[in-house]
Amino acid sequence: WAKARPEGIRRALPPAFEPVGDMIQFFVMHTPDAGALGSYDEGGVVIPCRHGGLIGAHVAYEYVTSDDSLCVGREIWGYPKKLAEVGFSEEKGRICGTVSRRGQVLIDIGFEAGGAEVADKPAMQPRLQVKRIPRADGKGFDMDQIVRNDLKGAEFAETRYGACTVALGRNEDDPLDELGPIEVLGGEFAIANFT
């Protein structure tokens, strides 16, 4: 969890959404069993937002390691998934996750357990995404809709809170550093199941 620059948050959100505060979430995740999608890793940025009277959160940047996850996420739910490299390491109680794309580290997270849960976290559900498919002739869209995705059945086997570091990078198509400078508030490590 971190506080980010309001200007960077506004640029990262589609015009249909309004920011709700300046607290956002960075994540790196290992998914060992996603049913028909198999195993994959991912990371990204989630921004609380409002669409009309509905408050939820928008996944503004999302990176995955498999084309199966990319296609399902983009084509069904409207998540802005891109293929990337996602790595994990653990040494002396410090868990690290990185997301790299086109030779550039975009997200570098370090976590050490031993702290309290971040207070006053914003609503992060439902997810609000823009599902947009351009027309082949380049004149408008075949599909342009807001998709609401409610994650269901969350079961947490383990949750730890602690100190966290987050470093952001960029490439031409992934300007994550525009969210900074950020103020990191804390981190969470969770083992969970959800649909």
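The values are calculated or read from the model by the stated rules, or taken from the named source; none is laboratory data. Bear in mind that the values here come from a model prediction, so they are computed numbers and not experimental data. Cβ sites come from the backbone with ideal geometry, for glycine too, and all protein chains shown count toward neighbours. Please note that ligands, DNA and RNA were not included when accessible areas were found on the heavy atoms of the full protein model with its side chains. Shrake-Rupley method; radii C 1.70, N 1.55, O 1.52, S 1.80 Å.
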Helix 67-77: inclination vs the chain longest Cα principal axis, degrees, rounded to 10, gives 60
Here P(r) for region 42-88, Cα-Cα distances in 5 Å bins, as whole percents, is 5, 22, 25, 21, 14, 8, 4, 1
Charge tally for neighbours of Ala167 with beta carbon under 10 Å away, counting Lys, Arg as +1 and Asp, Glu as -1, is -2
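If each residue of separation counts as 0.36 nm, what is the full-extension length gain between Asp67 and Ala190 once their alpha-carbon separation is subtracted? Could you put the intermediate results ahead of the total?
Values: separation 123, 0.36 × 123 = 44.28 nm, distance 2.48 nm.
Length gained, Asp67 through Ala190: 41.8 nm.
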With +1 at each Lys and Arg Cβ and -1 at each Asp and Glu Cβ, the charge dipole magnitude of the chain around its Cα centre, to the nearest 20 debye, comes out at 540
Bounding extents of region 132-195 in its principal axis frame from Cα atoms, largest first in Å, are 50, 35, 14
Expressed in square angstrom to the nearest 10, the accessible area of Thr165 with a 1.4 Å probe stands at 70
With all protein chains in place and a 1.4 Å probe, Glu90 shows an accessible area in Å² (nearest 10) of 130
The FRET efficiency for Lys92 and Thr31, from their Cβ-Cβ distance with R0 = 22 Å and rounded to 0.05, is 0.30
For the chain the mean separation of alpha carbon contacts under 8 Å (6+ apart) over residue count, i.e. relative contact order in percent, is 21
Here the equivalent ellipsoid of region 68-142, derived from its Cα gyration tensor, has semi-axes (largest first, whole Å) of 33, 19, 10
At the level of C-alpha centres, the distance separating region 26-64 and region 104-181, in angstrom, is 5
Expected field for Val105, accessible surface area in Å² at 1.4 Å probe radius, rounded to 10, holds 60
Ile133 neighbourhood, Cβ < 15 Å, K/R = +1, D/E = -1, net charge +2
Computed on Cα atoms only, the convex hull of the chain has an orientation-averaged projected area in nm² of 11.7
Zone reached by a paramagnetic label modelled 7 Å from Arg11 Cα along Cα→Cβ, restricted to region 40-57 with backbone N below 19 Å, covers 44-48
